Structures are given as structure tokens and as C-alpha cells.
1. Under a plain spin-label model, where a point goes 7 Å from the Cα along Cα-to-Cβ, how far apart in nm are Leu206 and Arg157?
2. Explain nothing, just compute: Karplus ³J(HN,Hα) = 6.51 cos²θ - 1.76 cosθ + 1.60, θ = phi - 60°, for every residue of the stretch 137-151 in order, whole Hz, x for Gly and Pro.
3. At most 13 other Cβ atoms within 10 Å and a DSSP loop assignment: could you name the GluC sites (Glu not before Pro) in the stretch 76-179 that fit?
4. What does the charge dipole of the stretch 98-224 about its Cα centre add up to, to the nearest 20 debye, if the Cβ of each Lys and Arg holds +1 and the Cβ of each Asp and Glu holds -1?
5. Select from Gln116, Met209, Leu167 the residue farthest towards the positive end of the dipole of the stretch 95-212; place +1 on Cβ of Lys and Arg, -1 on Cβ of Asp and Glu, and compute about the Cα centre.
Amino acid sequence: MQVGEFTGGYGAAGEKELFRQGKAHGQRPEDGTAVAGNDAQKAAFRRAVNRAHAQVYSTPDSPVQYNAFDPDLQLWVAACLYKGGVDFYRMFVGELDEQDADRHYRDGIVLGTTLQVPPEMWPPDRAAFDRYWQDQLDKVHIDDSVRDYLYPIAVGRVRAVSLPEPLRRLPERLALLLTTGFLPQRFRDEMRFSWDAAKQRRFDRLIAMLRTMNNVLPRFVRRFPFNVLLWDLDRRIKAGRPLV
């Protein structure tokens, strides 16, 4: 979803520089640090994100003008991560009451400030966020170049792994069902992913099965991969290794 806004209103998006920069803004596993990490982990992660973003910008020759420190784009990135997290929680855990919904929203603000979003830019409440979200959806545009780039990600294709077509077909169909099911309709349309009542029922059955499995797992397993990622973050901080 983040790349959809990235391409909207920027004209041609086919050059490799855009793809390199788009990947820099992909959802990193470490993004959970901004919410679940302690103060030291958050500070270290914020510094690492700033260093990474300092290298992400367009050149005078690029038709795509972009800077990773653009707060409007960072707000969209953080909004996508927050919205995706809430949708995931609702599907796998259940609906949020008002208190929990407000708590998750405050976590979204923390995530946004980690991504250089000034606190005053974040919508003041959930109703304001919903209005912002709908306004931004109207701006989403994904052209052919970006669509070709995103499709392998949507189907879970690993670039370094080449499998015969028969072995790829089933897992890619499953991954595409999950990806498309989580996307707002505007993104489905822009990606040209078909969606109908039958696919919605298959998606609902799959989520129900995964939710049942998730509910019987031990807590430390349910917290995976974030518990492992935070452990790895501490290990990299102590070793002086890059975090992003």
C-alpha cells in the first residue's frame, strides 16, 4: 500500500531508482520496534532509520522527485502500517473496544514519530484518521511499471529462489488470496486483482482457520516474529551491526 501513494501524482515510475527507493520504504520487520521496543531500542532504531533515509532521494535527472524525509510521505507510510496492524488484529484477535482502539492509535503515533512524522501532523483522533485515510485512497495510483514490480511481492515470490511452475502455483495462489483479501478495494483495482464474493468467502474461511490455530498457540509463539526480532535488535546493537 505504501508504494501506491508513492507513485500517485509523480508521473513516470519505471526507472530502477524508484524501485530501489520503494524497497527502502517497504515494511521492514524492525518496524515493530517502534511500538513494542523499549526506549533504548526505539532510539537506536530511530537513528538507524534516519541514516537509511538520508540515502534515499531523487537526482536532478530523475523524473520522480522524492526524498525519504518528506513528512507527507512518511505520514502515509506510518498510516499504512497502523491501518494494516489494526486490520490484522481485528481479523485474528477480534474487534477492539474503545479503550483498546485508542491505545492502538497512540501506538500508531509512536510509529509515525519514529518515521520522522511531526506529532502535530498525525490526525488527532481515530475519526480524523479515517477521513485522512479515505482522502489518501482517492490519490492512489499504481502504473504498469510499479505493478510489475509489486506482483512478485504480492504472491510471495522470492527472487533468489526459482521453482518449477507446478510447485509455485499453489503457494502463490494462496499468497495472492491473502494479499488481495487484506487490501482495500482501491488497491485491488489499481493492482488489477480480481475480487468477488466467492474469493471473499475463501479468504474468510482461511482467516477463520488461521485465527483458530493462532488462539491455541502458546503466547511466545503468537508473539513471533516480533519477540525474535527484538532479541536480534539487541544483539545487533551490542555488536555494532547495522539495524536497517
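1. About 1.7 nm separates the two model spin labels.
2. Once θ is set to phi - 60°, the couplings for the stretch 137-151 become 4, 5, 9, 5, 9, 10, 8, 4, 5, 5, 4, 5, 6, 7, 4 Hz.
3. Taking the stretch 76-179 and a limit of 13 other Cβ atoms within 10 Å, the loop GluC sites (Glu not before Pro) found are Glu95.
4. 820 debye
5. It is Leu167, whose Cα lies furthest towards the positive end.
Here, each number is a calculation from the coordinates, and none is a lab measurement. The structure displayed is predicted, hence computed values, not measured ones. Note: ideal-geometry Cβ built from the backbone for every residue, glycine included; neighbour counts use all protein chains shown.
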